[in-house]
Each structure stands twice: as structure tokens, then as C-alpha cells.
Amino acid sequence: MSDATWAELTAIKLRAPFPPSEILWKINARTQDKAKGLVSPYVDARAVQRRLDAIFGWDGWKADYKPILGDGTYAFICRLSVLLEDGDWLPKEDGADVTLIESTKGGISTALRRAAAAGLGIGRYLYNVPGQWVRLGGDGKKIEEQPVLPTWALPEGTTDPAPQTAVPLDPDETPSKEPGPLLGNDGVPLCPKCGGKMKDDRQARRDDMRKGVHARPAFMCENSDCGGFIESVARWCEDHGFDMDADTGDIVPRQADIDAAREPGEDG
Ligand SMILES: [Zn+2]
């Protein structure tokens, strides 16, 4: 640790997992009866700002927003700049479509969170946490069953992952245009077309290949009207940043992502 550079130490602090109390959950998909929802974790713009303050100081980072007209809808480009050790400003950019036409606040905070994740790695590990199906209330708008983060996505030394509060969603903060989770907590990828559950045909595909007949897709959408499918597990893992366990064939988060989240920070 002692011979690590300022940039290396800063990168570790930027990528460090957030404490469970700062994690919010968004609903990405619902069952038809709205009794269950597929949720994924995120951190809001305020948590991102607190981390930037802690690492760079309140005057060591700045964010500018530029509205642009996208495909018939307004979007925001966030230019997030941080002050480097040598006194230079390093700019990072990312955009977000407005989440609600009448609410520019949602678009701005989404643009900041995306610039922070893509440019600096803040909260990027959360994209690798599998989605979870949990019980919903309030006509499918409220999370009633507490989702749980995997141990690798918790700060080192977190003993009780329970206090992650299921916060009712603030519509301004709901990032509807952001990519949802890719993998369900049953280890089966979600439908690339509708985001719903998929039927696991991996064994049948292996049998097809052994017999030398035309191999069926590894996963088919359970909703037959949708028609979404995933042909090859290995290819899907390659394209979406997951690993396939060589022994079990299970789809698991890439070891490099787990290692990045697990690297000890200075305050850890
Ligand atoms: Zn589907």
C-alpha cells in the first residue's frame, strides 16, 4: 500500500462499495399481477456527491450540465471534472435522457450518476449485482421484501447486510432509461427483449450438440408472445461481462469486478 500512487489510491476509493444504508433499489420489471418485481441496486446523486466531496474536497470537483435534443426528447450531457494531484482538471462526460418530460431534475441526477460510474467507477460494481425478484405492495409501486446484496458488493467488515432500507421510489430519481440488471438471482439471464424470466434449456442444448442436431437456444423467454432468446451462454457471458464457471457451467460475476470491489480502501 505504501508505494501505491495517488492515482491508484484514488481509484480504489472511487470504486469502493457503498455501505448498505446508502443503497437504493429500483424496480425494473413486474410480474403481470404486480405482486413481484425485479429490483436492482443503485446509489442516488447525493451519495455520488458525498463520495466526490470525501475524495476530492468540495472544491476539487465540478459538474456542468448541457441540455441537448436527442431523438425527439431532451437529454443532458454531464461533464464531471475532478482536480488531479498536479493541479490539472480531468473531465469525464456521459449523457442521460430525461426520465420524465416535466422533470429535468431526474435527467440531471441520472447524467451525474452515469458520468461518475462510467468515467470514475463510482458505484459501477452495482451493475454486476444480479437482479432479484422480490414481493411488491402498493399496486406494484412499493418494495415490501428486503433485497440483499451479495457479500462481495458490501464494504469489507460489514457484518449485518440487513439495514438496507427498501425506500419507496422517488419518481424523479427513477432511472428508467438506464440499463437494468442482466441476470436474475436464480442465475438465469433476463430476457434481452422484455426483461422477464427465461426458461433454462442449457442441458437440452448440450444434448442437442452431443447428438449433432441443430442446437436449440440456451434460454427462451417464458412469455411465448415475446420470442426473446439467448443462443449461447459462453457468448452471452463474453458480451455482458460475466464469467462461466468451468466446473458447474454457472454464470457468475467476472472475478476482476469482484476483485475491484473488494480491494481494501484506506479507511477499510
Ligand atoms: Zn421476453
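The values are calculated or read from the model by the stated rules, or taken from the named source; none is laboratory data. Here the structure is a predicted model, which is why all the values come from computation and not from measurement. Note that we place each Cβ from the backbone using ideal geometry, even for glycine, and neighbour counts take in every protein chain shown.
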Next on the checklist: Being at pLDDT below 85 and of a type in the set (A, V, I, L, M, F, W, C) is true for just one of Leu84, Leu38, Leu100, Leu52. Which residue is that?
Outcome noted: Leu100
Item to check | Failed criterion for Ala29 (all others in (1) of a type in the set (A, V, I, L, M); (2) at pLDDT below 90; (3) part of a helix (DSSP H, G or I); (4) within 21 Å of the chain's Cα centre (by Cα) hold) | outcome: (3)
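Mind listing whichever residues of segment 222-238 are part of a loop (DSSP other than H, G, I, E, B) and either closer than 11 Å to Arg205 by Cβ or more than 15 Å from the ligand (Cβ to nearest atom) (or both)? Before the answer, list the steps.
Residues of segment 222-238 that are part of a loop (DSSP other than H, G, I, E, B), as a first pass: 222-228, 231-232.
Matches in segment 222-238: Glu231, Ser232.
How many of the residues making up segment 179-190 are within 13 Å of the ligand (Cβ to nearest atom), out of contact with any Pro (no Cβ under 8 Å at 6 or more places or on another chain) and modelled with pLDDT under 85? Even if it seems obvious, please write down each step before you answer.
Taking segment 179-190 first, the residues within 13 Å of the ligand (Cβ to nearest atom) are 180, 184, 188-190.
Filter once more, so that each one left must be out of contact with any Pro (no Cβ under 8 Å at 6 or more places or on another chain): 180, 188-189.
Okay, now just the ones that are also modelled with pLDDT under 85, so 180.
Matching residues across segment 179-190 total 1.
Tally up the residues in segment 77-91 that are assigned to a strand (DSSP E or B) and more than 10 Å from Gly60 (Cβ to Cβ), please.
Initial filter on segment 77-91 (assigned to a strand (DSSP E or B)): 77-83, 89-91.
Keeping just the survivors that are more than 10 Å from Gly60 (Cβ to Cβ) gives 77-80, 90-91.
Matching residues across segment 77-91 total 6.
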Checklist entry - Taking into account only those residues within segment 35-60 that are in contact with a helix residue (DSSP H, G or I) (Cβ under 7 Å, 6 or more places away or on another chain) and hydrophobic (A, V, I, L, M, F, W, C), which is nearest to Gly137 (Cα to Cα)? => result Val43
Checklist entry - So which residues in segment 32-48 are more than 30 Å from Val82 (Cα to Cα) and without any contact (Cβ under 8 Å) to a residue 24 or more places away in the chain? => result Gln32, Asp33
Checklist entry - Is at least one residue of segment 223-239 at pLDDT below 85, under 19 Å from the mean Cα position of the chain (by Cα) and not aromatic (Phe, Trp, Tyr)? => result yes
Checklist outcome for this item: Of the residues in segment 191-205, those that are of a type in the set (A, V, I, L, M, F, W, C) and either modelled with pLDDT of 85 or more or closer than 13 Å to Glu231 by Cα (or both) come to Cys191, Met198, Ala204
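Each row is one residue, and each column tells you yes or no for (1) within 16 Å of the ligand (Cβ to nearest atom); (2) in contact with a strand residue (DSSP E or B) (Cβ under 8 Å, 6 or more places away or on another chain); (3) at pLDDT 80 or above.
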position: Gly212; (1), (2), (3): no, no, yes
position: Pro217; (1), (2), (3): yes, yes, yes
position: Asp250; (1), (2), (3): no, yes, yes
position: Ala256; (1), (2), (3): no, no, no
position: Pro264; (1), (2), (3): no, no, no
Checklist entry - Is there any pair with a first residue in segment 208-224 that is at positive phi and a second that is within 14 Å of the ligand (Cβ to nearest atom) and modelled with pLDDT of 85 or more whose Cβ atoms are under 7 Å apart and which are 6 or more apart or on different chains, and what are they? => result none
